[in-house]
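Working notes for the structure below.
The values are calculated or read from the model by the stated rules, or taken from the named source; none is laboratory data. Fair warning: this is a prediction, and the values are worked out from it, not measured in the lab. Methodologically, a virtual Cβ is constructed for each residue, glycine included, from the backbone with ideal geometry; neighbour enumeration extends over all protein chains shown.
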(Lines give C-alpha, C1' and ligand atoms only; values in the text may rest on other atoms or scores of the structure.)
Protein backbone atom coordinates (compact mmCIF):
# COMPACT_ATOMS: atom_id res chain seq x y z
CA UNK A 1 0.00 0.00 0.00
CA UNK A 2 1.35 3.43 -0.92
CA UNK A 3 2.50 5.52 2.08
CA UNK A 4 0.55 8.74 2.68
CA UNK A 5 2.03 11.53 4.79
CA UNK A 6 0.05 12.89 7.78
CA UNK A 7 0.03 16.32 6.12
CA UNK A 8 -1.43 14.99 2.85
CA UNK A 9 -3.94 12.88 4.77
CA UNK A 10 -5.21 15.90 6.69
CA UNK A 11 -5.43 17.95 3.47
CA UNK A 12 -7.45 15.18 1.84
CA UNK A 13 -9.77 14.87 4.86
CA UNK A 14 -10.32 18.62 4.96
CA UNK A 15 -11.11 18.68 1.23
CA UNK A 16 -13.55 15.80 1.61
CA UNK A 17 -15.31 17.54 4.48
CA UNK A 18 -15.50 20.76 2.48
CA UNK A 19 -17.00 18.96 -0.51
CA UNK A 20 -19.48 17.20 1.74
CA UNK A 21 -20.85 20.49 3.02
CA UNK A 22 -20.71 22.27 -0.34
CA UNK A 23 -22.96 19.82 -2.18
CA UNK A 24 -22.43 19.52 -5.95
CA UNK A 25 -22.21 23.22 -6.80
CA UNK A 26 -18.54 23.82 -5.91
CA UNK A 27 -16.72 25.79 -8.58
CA UNK A 28 -14.12 23.10 -9.34
CA UNK A 29 -16.79 20.61 -10.43
CA UNK A 30 -17.27 20.81 -14.23
CA UNK A 31 -20.65 21.32 -15.80
CA UNK A 32 -21.38 18.06 -17.61
CA UNK A 33 -23.47 17.90 -20.78
CA UNK A 34 -24.54 14.61 -22.33
CA UNK A 35 -24.53 14.27 -26.10
CA UNK A 36 -26.67 11.61 -27.79
CA UNK A 37 -26.03 11.09 -31.50
CA UNK A 38 -25.71 8.35 -34.11
CA UNK A 39 -22.02 7.50 -33.87
CA UNK A 40 -22.01 4.25 -35.85
CA UNK A 41 -23.52 2.98 -39.09
CA UNK A 42 -24.48 4.76 -42.31
CA UNK A 43 -25.46 8.03 -40.58
CA UNK A 44 -22.43 8.26 -38.27
CA UNK A 45 -21.05 11.30 -40.08
CA UNK A 46 -23.95 13.31 -38.65
CA UNK A 47 -22.86 12.44 -35.13
CA UNK A 48 -19.25 13.22 -36.04
CA UNK A 49 -20.14 16.65 -37.43
CA UNK A 50 -22.27 17.41 -34.35
CA UNK A 51 -19.32 16.53 -32.11
CA UNK A 52 -17.13 18.87 -34.13
CA UNK A 53 -19.53 21.77 -33.59
CA UNK A 54 -19.83 20.99 -29.89
CA UNK A 55 -16.07 20.70 -29.46
CA UNK A 56 -15.60 24.17 -30.98
CA UNK A 57 -18.22 25.69 -28.68
CA UNK A 58 -16.91 23.97 -25.55
CA UNK A 59 -13.35 25.02 -26.37
CA UNK A 60 -14.37 28.64 -26.83
CA UNK A 61 -16.48 28.71 -23.68
CA UNK A 62 -13.86 27.02 -21.51
CA UNK A 63 -11.08 29.31 -22.74
CA UNK A 64 -13.19 32.34 -21.82
CA UNK A 65 -13.97 31.25 -18.24
CA UNK A 66 -16.59 28.54 -18.70
CA UNK A 67 -20.19 28.77 -17.48
CA UNK A 68 -20.83 30.19 -14.01
CA UNK A 69 -17.07 30.03 -13.49
CA UNK A 70 -16.99 26.29 -14.19
CA UNK A 71 -15.51 24.37 -17.10
CA UNK A 72 -17.75 22.40 -19.46
CA UNK A 73 -17.26 18.67 -20.00
CA UNK A 74 -18.99 16.58 -22.67
CA UNK A 75 -19.96 12.91 -22.39
CA UNK A 76 -21.21 11.18 -25.54
CA UNK A 77 -23.43 8.16 -26.08
CA UNK A 78 -24.18 6.39 -29.37
CA UNK A 79 -27.94 6.09 -29.95
CA UNK A 80 -27.34 3.71 -32.89
CA UNK A 81 -30.45 5.27 -34.42
CA UNK A 82 -32.66 3.28 -32.04
CA UNK A 83 -35.16 4.73 -29.56
CA UNK A 84 -34.61 1.98 -26.99
CA UNK A 85 -30.85 2.59 -27.02
CA UNK A 86 -31.36 6.35 -26.74
CA UNK A 87 -33.64 5.94 -23.71
CA UNK A 88 -31.02 3.86 -21.93
CA UNK A 89 -28.32 6.35 -22.94
CA UNK A 90 -30.30 9.28 -21.53
CA UNK A 91 -30.89 7.47 -18.26
CA UNK A 92 -27.22 6.54 -18.00
CA UNK A 93 -26.17 10.13 -18.63
CA UNK A 94 -28.65 11.53 -16.12
CA UNK A 95 -28.33 8.98 -13.32
CA UNK A 96 -24.86 7.44 -13.63
CA UNK A 97 -22.87 10.25 -15.22
CA UNK A 98 -24.72 13.05 -13.43
CA UNK A 99 -24.97 15.36 -16.42
CA UNK A 100 -26.62 18.75 -16.01
CA UNK A 101 -28.18 18.86 -19.48
CA UNK A 102 -28.65 16.87 -22.69
CA UNK A 103 -28.20 17.62 -26.40
CA UNK A 104 -28.56 15.56 -29.53
CA UNK A 105 -30.75 13.20 -31.53
CA UNK A 106 -30.38 12.61 -35.26
CA UNK A 107 -33.47 10.52 -35.94
CA UNK A 108 -37.13 11.55 -35.78
CA UNK A 109 -38.11 8.04 -34.76
CA UNK A 110 -35.61 8.12 -31.91
CA UNK A 111 -36.88 11.53 -30.83
CA UNK A 112 -40.48 10.31 -30.76
CA UNK A 113 -39.50 7.44 -28.49
CA UNK A 114 -37.17 9.34 -26.17
CA UNK A 115 -38.88 12.69 -25.62
CA UNK A 116 -41.81 11.39 -23.50
CA UNK A 117 -39.24 10.00 -21.02
CA UNK A 118 -37.32 13.27 -20.58
CA UNK A 119 -39.47 14.92 -17.84
CA UNK A 120 -38.74 12.01 -15.48
CA UNK A 121 -35.02 12.78 -15.77
CA UNK A 122 -35.54 16.42 -14.74
CA UNK A 123 -32.82 17.44 -17.22
CA UNK A 124 -33.36 19.80 -20.16
CA UNK A 125 -32.85 18.41 -23.66
CA UNK A 126 -32.06 20.58 -26.69
CA UNK A 127 -32.64 18.70 -29.93
CA UNK A 128 -30.16 19.81 -32.58
CA UNK A 129 -31.15 17.70 -35.59
CA UNK A 130 -34.18 15.35 -35.40
CA UNK A 131 -36.98 17.13 -37.23
CA UNK A 132 -40.29 15.45 -36.39
CA UNK A 133 -42.82 18.14 -35.45
CA UNK A 134 -44.22 15.87 -32.74
CA UNK A 135 -41.54 16.66 -30.15
CA UNK A 136 -42.55 20.31 -30.15
CA UNK A 137 -46.12 19.32 -30.93
CA UNK A 138 -48.32 16.64 -29.43
CA UNK A 139 -45.36 15.07 -27.56
CA UNK A 140 -44.03 18.37 -26.20
CA UNK A 141 -42.97 18.85 -22.61
CA UNK A 142 -41.41 21.56 -20.46
CA UNK A 143 -37.94 19.98 -20.60
CA UNK A 144 -37.62 19.47 -24.38
CA UNK A 145 -36.48 22.19 -26.79
CA UNK A 146 -35.38 22.21 -30.42
CA UNK A 147 -32.87 24.68 -31.86
CA UNK A 148 -33.10 23.47 -35.48
CA UNK A 149 -35.74 23.58 -38.22
CA UNK A 150 -38.55 21.03 -37.97
CA UNK A 151 -40.29 19.15 -40.77
CA UNK A 152 -43.35 21.41 -40.82
CA UNK A 153 -41.22 24.56 -41.18
CA UNK A 154 -39.03 23.07 -43.89
CA UNK A 155 -41.93 21.57 -45.85
CA UNK A 156 -43.83 24.87 -45.84
CA UNK A 157 -40.73 26.38 -47.43
CA UNK A 158 -40.46 23.42 -49.82
CA UNK A 159 -44.07 23.86 -50.92
CA UNK A 160 -43.44 27.52 -51.63
CA UNK A 161 -40.47 26.55 -53.81
CA UNK A 162 -42.41 23.76 -55.56
CA UNK A 163 -45.37 26.03 -56.25
CA UNK A 164 -43.15 28.17 -58.49
CA UNK A 165 -42.31 25.22 -60.74
CA UNK A 166 -44.39 23.82 -63.62
CA UNK A 167 -44.62 20.35 -62.05
CA UNK A 168 -48.19 19.10 -61.49
CA UNK A 169 -47.79 15.41 -60.62
CA UNK A 170 -45.74 14.92 -57.44
CA UNK A 171 -44.47 11.80 -55.70
CA UNK A 172 -41.86 11.08 -53.05
CA UNK A 173 -38.96 8.83 -52.06
CA UNK A 174 -38.29 8.89 -48.33
CA UNK A 175 -37.22 6.68 -45.44
CA UNK A 176 -39.95 4.40 -44.10
CA UNK A 177 -40.38 6.02 -40.69
CA UNK A 178 -41.62 9.31 -39.25
CA UNK A 179 -39.25 11.63 -41.12
CA UNK A 180 -40.08 10.30 -44.57
CA UNK A 181 -43.82 10.01 -44.06
CA UNK A 182 -44.21 13.34 -42.25
CA UNK A 183 -42.14 15.15 -44.87
CA UNK A 184 -44.49 13.96 -47.61
CA UNK A 185 -47.61 14.64 -45.57
CA UNK A 186 -46.70 18.23 -44.68
CA UNK A 187 -45.32 18.98 -48.14
CA UNK A 188 -48.44 17.68 -49.84
CA UNK A 189 -50.85 19.53 -47.56
CA UNK A 190 -48.99 22.82 -47.90
CA UNK A 191 -48.57 22.49 -51.67
CA UNK A 192 -52.28 21.73 -52.12
CA UNK A 193 -53.18 24.83 -50.13
CA UNK A 194 -50.91 27.00 -52.29
CA UNK A 195 -51.60 25.33 -55.64
CA UNK A 196 -54.86 23.32 -55.53
CA UNK A 197 -54.49 21.87 -59.03
CA UNK A 198 -51.43 19.75 -58.17
CA UNK A 199 -51.80 15.98 -58.08
CA UNK A 200 -50.27 14.13 -55.14
CA UNK A 201 -49.69 10.71 -56.60
CA UNK A 202 -50.72 7.59 -54.70
CA UNK A 203 -47.63 5.76 -55.98
CA UNK A 204 -45.16 6.73 -53.25
CA UNK A 205 -41.86 5.15 -52.29
CA UNK A 206 -40.59 4.50 -48.76
CA UNK A 207 -37.44 2.35 -48.63
CA UNK A 208 -36.30 1.30 -45.17
CA UNK A 209 -33.71 3.47 -43.44
CA UNK A 210 -30.32 1.91 -44.11
CA UNK A 211 -31.40 0.30 -47.38
CA UNK A 212 -28.51 -0.51 -49.71
CA UNK A 213 -30.39 -0.82 -53.00
CA UNK A 214 -32.54 2.13 -54.08
CA UNK A 215 -32.78 1.16 -57.75
CA UNK A 216 -36.33 -0.29 -57.57
CA UNK A 217 -37.61 3.00 -56.18
CA UNK A 218 -35.60 5.07 -58.66
CA UNK A 219 -36.90 2.99 -61.58
CA UNK A 220 -40.47 3.21 -60.31
CA UNK A 221 -40.38 7.01 -60.34
CA UNK A 222 -38.69 7.10 -63.75
CA UNK A 223 -41.40 4.83 -65.19
CA UNK A 224 -44.25 6.87 -63.68
CA UNK A 225 -46.02 10.06 -64.75
CA UNK A 226 -44.28 12.05 -62.01
CA UNK A 227 -43.13 15.54 -62.90
CA UNK A 228 -41.81 16.39 -59.45
CA UNK A 229 -40.33 14.25 -56.68
CA UNK A 230 -39.68 15.13 -53.06
CA UNK A 231 -36.72 13.11 -51.73
CA UNK A 232 -36.20 12.97 -47.96
CA UNK A 233 -33.59 10.20 -47.92
CA UNK A 234 -30.63 11.43 -45.85
CA UNK A 235 -27.12 10.68 -44.57
CA UNK A 236 -25.19 7.77 -46.01
CA UNK A 237 -28.43 6.56 -47.60
CA UNK A 238 -28.63 9.78 -49.62
CA UNK A 239 -25.04 9.38 -50.81
CA UNK A 240 -25.85 5.86 -52.01
CA UNK A 241 -29.13 7.00 -53.54
CA UNK A 242 -27.53 9.75 -55.62
CA UNK A 243 -24.78 7.48 -56.89
CA UNK A 244 -27.33 4.86 -57.92
CA UNK A 245 -29.60 7.53 -59.43
CA UNK A 246 -26.69 8.85 -61.50
CA UNK A 247 -26.07 5.34 -62.81
CA UNK A 248 -29.75 4.97 -63.80
CA UNK A 249 -29.93 8.32 -65.62
CA UNK A 250 -32.45 9.61 -63.08
CA UNK A 251 -31.26 13.21 -63.27
CA UNK A 252 -31.46 13.22 -67.06
CA UNK A 253 -35.24 12.89 -66.83
CA UNK A 254 -37.34 16.05 -67.04
CA UNK A 255 -38.14 16.08 -63.32
CA UNK A 256 -38.27 18.74 -60.64
CA UNK A 257 -36.14 17.07 -57.97
CA UNK A 258 -36.23 18.40 -54.41
CA UNK A 259 -33.89 17.01 -51.74
CA UNK A 260 -35.15 18.01 -48.29
CA UNK A 261 -31.69 17.74 -46.69
CA UNK A 262 -29.58 17.56 -49.84
CA UNK A 263 -27.40 20.53 -48.90
CA UNK A 264 -26.10 18.88 -45.75
CA UNK A 265 -22.36 19.37 -46.13
CA UNK A 266 -21.76 15.83 -44.85
CA UNK A 267 -23.49 14.62 -48.03
CA UNK A 268 -21.98 17.25 -50.34
CA UNK A 269 -18.47 16.53 -49.05
CA UNK A 270 -18.89 12.79 -49.61
CA UNK A 271 -20.28 13.24 -53.13
CA UNK A 272 -18.19 16.08 -54.56
CA UNK A 273 -19.15 16.57 -58.20
CA UNK A 274 -21.31 13.43 -58.12
CA UNK A 275 -24.07 15.67 -56.73
CA UNK A 276 -25.85 16.77 -59.91
CA UNK A 277 -26.21 20.42 -60.85
CA UNK A 278 -29.62 22.02 -61.17
CA UNK A 279 -31.57 20.16 -58.46
CA UNK A 280 -33.32 21.78 -55.49
CA UNK A 281 -31.41 21.33 -52.24
CA UNK A 282 -32.44 22.25 -48.72
CA UNK A 283 -30.57 22.56 -45.47
CA UNK A 284 -31.44 23.88 -42.01
CA UNK A 285 -28.38 26.17 -42.22
CA UNK A 286 -26.15 27.10 -45.15
CA UNK A 287 -22.77 28.36 -44.03
CA UNK A 288 -22.59 31.13 -46.65
CA UNK A 289 -26.13 32.39 -46.10
CA UNK A 290 -25.68 34.58 -43.02
CA UNK A 291 -23.65 37.78 -42.85
CA UNK A 292 -22.92 38.28 -39.15
CA UNK A 293 -19.82 38.21 -36.96
CA UNK A 294 -20.76 35.02 -35.10
CA UNK A 295 -21.25 33.08 -38.31
CA UNK A 296 -18.02 34.41 -39.80
CA UNK A 297 -16.08 33.32 -36.70
CA UNK A 298 -17.76 29.92 -36.63
CA UNK A 299 -17.18 29.15 -40.32
CA UNK A 300 -13.53 30.24 -40.13
CA UNK A 301 -12.90 28.24 -36.95
CA UNK A 302 -14.56 25.16 -38.45
CA UNK A 303 -12.65 25.38 -41.72
CA UNK A 304 -9.37 25.93 -39.87
CA UNK A 305 -10.01 22.97 -37.57
CA UNK A 306 -11.49 20.43 -39.97
CA UNK A 307 -10.75 21.54 -43.52
CA UNK A 308 -14.32 21.43 -44.82
CA UNK A 309 -17.33 23.72 -44.34
CA UNK A 310 -19.71 23.23 -41.40
CA UNK A 311 -22.99 21.40 -41.73
CA UNK A 312 -26.31 22.34 -40.21
CA UNK A 313 -25.80 19.60 -37.63
CA UNK A 314 -22.49 21.11 -36.54
CA UNK A 315 -24.13 24.55 -36.41
CA UNK A 316 -27.12 23.40 -34.37
CA UNK A 317 -24.96 21.48 -31.91
CA UNK A 318 -22.62 24.46 -31.49
CA UNK A 319 -25.55 26.81 -30.95
CA UNK A 320 -27.13 24.46 -28.37
CA UNK A 321 -24.06 24.69 -26.12
CA UNK A 322 -24.22 28.48 -26.26
CA UNK A 323 -27.95 28.30 -25.52
CA UNK A 324 -27.16 26.37 -22.34
CA UNK A 325 -24.50 28.92 -21.41
CA UNK A 326 -27.01 31.76 -21.70
CA UNK A 327 -29.80 29.88 -19.90
CA UNK A 328 -27.59 28.67 -17.04
CA UNK A 329 -26.15 32.13 -16.50
CA UNK A 330 -29.64 33.65 -16.58
CA UNK A 331 -30.86 31.07 -14.06
CA UNK A 332 -27.70 31.37 -11.96
CA UNK A 333 -27.64 27.60 -11.57
CA UNK A 334 -27.35 24.30 -13.44
CA UNK A 335 -30.49 22.93 -11.77
CA UNK A 336 -32.45 21.15 -14.49
CA UNK A 337 -35.93 22.61 -13.95
CA UNK A 338 -34.48 26.12 -13.52
CA UNK A 339 -32.45 25.87 -16.74
CA UNK A 340 -35.44 24.49 -18.65
CA UNK A 341 -37.53 27.40 -17.43
CA UNK A 342 -34.83 29.89 -18.47
CA UNK A 343 -34.84 28.47 -22.01
CA UNK A 344 -38.57 29.14 -22.42
CA UNK A 345 -38.99 32.23 -24.58
CA UNK A 346 -35.25 32.87 -24.57
CA UNK A 347 -33.78 34.87 -27.45
CA UNK A 348 -30.15 34.41 -28.43
CA UNK A 349 -27.76 35.37 -31.18
CA UNK A 350 -26.65 32.43 -33.31
CA UNK A 351 -24.84 31.85 -36.59
CA UNK A 352 -28.18 32.00 -38.41
CA UNK A 353 -29.26 35.25 -36.78
CA UNK A 354 -31.49 36.02 -33.84
CA UNK A 355 -33.19 32.86 -32.58
CA UNK A 356 -36.05 32.57 -30.08
CA UNK A 357 -37.35 29.44 -28.37
CA UNK A 358 -41.06 30.13 -28.75
CA UNK A 359 -43.10 30.07 -25.57
CA UNK A 360 -45.84 27.51 -25.89
CA UNK A 361 -44.02 24.77 -27.81
CA UNK A 362 -40.26 25.35 -27.24
CA UNK A 363 -39.54 25.32 -30.98
CA UNK A 364 -36.84 27.69 -32.18
CA UNK A 365 -37.94 30.15 -34.82
CA UNK A 366 -35.17 29.47 -37.32
CA UNK A 367 -34.90 29.83 -41.08
CA UNK A 368 -35.01 26.95 -43.58
CA UNK A 369 -32.63 27.43 -46.53
CA UNK A 370 -33.46 26.27 -50.07
CA UNK A 371 -31.35 26.67 -53.19
CA UNK A 372 -30.33 25.03 -56.45
CA UNK A 373 -27.12 23.04 -56.76
CA UNK A 374 -24.57 25.04 -58.71
CA UNK A 375 -20.93 24.80 -59.78
CA UNK A 376 -18.30 23.27 -57.53
CA UNK A 377 -16.90 25.60 -54.88
CA UNK A 378 -13.33 26.50 -55.90
CA UNK A 379 -11.95 25.94 -52.38
CA UNK A 380 -14.35 23.72 -50.44
CA UNK A 381 -14.84 20.83 -52.86
CA UNK A 382 -18.65 20.83 -52.70
CA UNK A 383 -21.50 22.12 -54.84
CA UNK A 384 -22.43 25.74 -54.29
CA UNK A 385 -26.03 26.81 -53.74
CA UNK A 386 -27.52 29.22 -56.28
CA UNK A 387 -30.92 30.94 -56.13
CA UNK A 388 -30.62 30.74 -52.34
CA UNK A 389 -33.82 31.47 -50.42
CA UNK A 390 -33.76 32.09 -46.67
CA UNK A 391 -37.27 31.67 -45.26
CA UNK A 392 -38.44 33.51 -42.17
CA UNK A 393 -38.78 31.00 -39.33
CA UNK A 394 -41.98 32.47 -37.94
CA UNK A 395 -43.65 32.77 -41.34
CA UNK A 396 -43.20 29.07 -42.11
CA UNK A 397 -44.01 27.86 -38.57
CA UNK A 398 -47.37 26.48 -37.54
CA UNK A 399 -49.29 28.29 -34.86
CA UNK A 400 -49.03 26.82 -31.37
CA UNK A 401 -52.64 25.72 -31.66
CA UNK A 402 -51.83 23.85 -34.88
CA UNK A 403 -48.88 22.05 -33.25
CA UNK A 404 -51.08 20.40 -30.63
CA UNK A 405 -48.54 21.23 -27.93
CA UNK A 406 -50.02 21.70 -24.45
CA UNK A 407 -47.38 22.67 -21.92
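Rundown of residues vs (1) closer than 24 Å to residue 298 by Cα; (2) surrounded by 15 or more Cβ atoms within 10 Å (Cβ to Cβ); (3) touching a helix residue (DSSP H, G or I) at 6+ places or on another chain (Cβ under 7 Å), yes/no style:
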| position | (1), (2), (3) |
| --- | --- |
| 331 | no, yes, yes |
| 366 | yes, yes, no |
| 377 | yes, no, no |
| 382 | yes, yes, yes |
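Being on the phi < 0 side of the Ramachandran plot, buried (at least 23 other Cβ atoms within 10 Å of the Cβ) and free of Cβ contacts under 8 Å to residues at least 40 places away in the same chain holds for only one residue in 230, 238, and it is 238. Taking segment 186-294 as the region of interest, the helices (runs of 4 or more DSSP H) fully inside it that hold 3 or more residues being in contact with a strand residue (DSSP E or B) (Cβ under 7 Å, 6 or more places away or on another chain) are 215-222. For segment 370-381, a residue qualifies if it is touching a strand residue (DSSP E or B) at 6+ places or on another chain (Cβ under 6 Å) and either assigned to a loop (DSSP other than H, G, I, E, B) or at pLDDT below 95 (or both), and exactly one does: 377. Checking each residue of segment 346-358 against the condition of being farther than 24 Å from residue 155 by Cα, at pLDDT 95 or above, within 19 Å of the chain's Cα centre (by Cα) and assigned to a helix (DSSP H, G or I) gives no match.
Counting only strands (runs of 3 or more DSSP E) that fall entirely inside segment 86-182 and contain at least 2 residues that are in contact with a helix residue (DSSP H, G or I) (Cβ under 9 Å, 6 or more places away or on another chain) and either more than 27 Å from residue 40 (Cβ to Cβ) or in the same structural domain as residue 221 (by TED's automatic domain parsing) (or both), the qualifying elements are 169-173. Taking the numbered list (1) surrounded by fewer than 21 Cβ atoms within 10 Å (Cβ to Cβ); (2) modelled with pLDDT under 95 in turn, residue 249 passes all entries but (2).
Residue count for segment 382-401 satisfying the condition of being under 15 Å from residue 133 (Cβ atoms), outside any loop (DSSP other than H, G, I, E, B) and touching a residue at least 40 places away in the same chain (Cβ under 8 Å): 1.
Looking only at segment 44-83, filter to residues that are touching a residue at least 24 places away in the same chain (Cβ under 8 Å) and part of a loop (DSSP other than H, G, I, E, B); which one of those is surrounded by the fewest Cβ atoms within 10 Å (Cβ to Cβ)? Filtering first and then ranking leaves 69. Scan segment 305-315 and tell me whether some residue there is under 17 Å from residue 357 (Cα atoms), in the same structural domain as residue 69 (by TED's automatic domain parsing) and surrounded by fewer than 24 Cβ atoms within 10 Å (Cβ to Cβ). No: segment 305-315 contains no residue that is under 17 Å from residue 357 (Cα atoms), in the same structural domain as residue 69 (by TED's automatic domain parsing) and surrounded by fewer than 24 Cβ atoms within 10 Å (Cβ to Cβ).
Please work out which one of (1) surrounded by 15 or more Cβ atoms within 10 Å (Cβ to Cβ); (2) not assigned by TED's automatic domain parsing to the domain that holds residue 241 is the condition residue 265 fails and give its number. The number of the failed condition is (2). Answer yes or no as to whether residue 323 is assigned to a helix (DSSP H, G or I), modelled with pLDDT of 95 or more and farther than 21 Å from residue 234 by Cα. Considered against the rule, which asks whether it is assigned to a helix (DSSP H, G or I), modelled with pLDDT of 95 or more and farther than 21 Å from residue 234 by Cα, residue 323 comes out as yes. Counting the residues of segment 350-369 that are over 26 Å from residue 386 (Cα atoms) and out of contact with any strand residue (DSSP E or B) (no Cβ under 7 Å at 6 or more places or on another chain) gives 4. Is it the case that residue 265 is in contact (Cβ under 8 Å) with a residue 40 or more places away in the chain and under 15 Å from the mean Cα position of the chain (by Cα)? Criteria met by residue 265.
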